[in-house]
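Colleague: Quick one: structure below, then a few questions.
Only the coordinates and a few stated rules stand behind these numbers; no lab work does. Quantities reported herein were computed from a predicted structural model and do not represent experimental measurements. Using ideal geometry, Cβ is built from the backbone for each residue, glycine included, and neighbour counts are taken over all protein chains shown.
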Amino acid sequence: MPFADRCVAVLDANVLVPFQKRDILLCFHHAGLFRARWTEWILYANGCRRS
């Protein structure tokens, strides 16, 4: 089982808004270090609503 399949992180509003933190965490996610997750409510609260 790959390491990222065992490690899941919920990315809350406080890491999605400052772009530096968000970019670093998403780079780690894409590198397979963990699986990033967030909820529709977290996206809505940050103005990232889906149309």
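Colleague: If amide H atoms are built 1.01 Å from N in the plane of the peptide, which residues on other chains or at least 5 residues away come under 5 Å of the amide H of ARG35?
Modeller: CYS7, VAL8, ALA9
Colleague: Continuing with this model, one more query. According to a simple spin-label model (label point 7 Å from Cα along Cα-to-Cβ), what is the distance in nm between PHE19 and ALA31?
Modeller: 2.1
Colleague: Let me ask something else about it. In debye to the nearest 20, how big a dipole does region 3-45 give about its Cα centre with +1 on each Lys and Arg Cβ and -1 on each Asp and Glu Cβ? List each step's numbers first, then the result.
Modeller: Values: 5 positive and 4 negative charges, 19 e Å.
That gives region 3-45 a dipole magnitude of about 100 debye.
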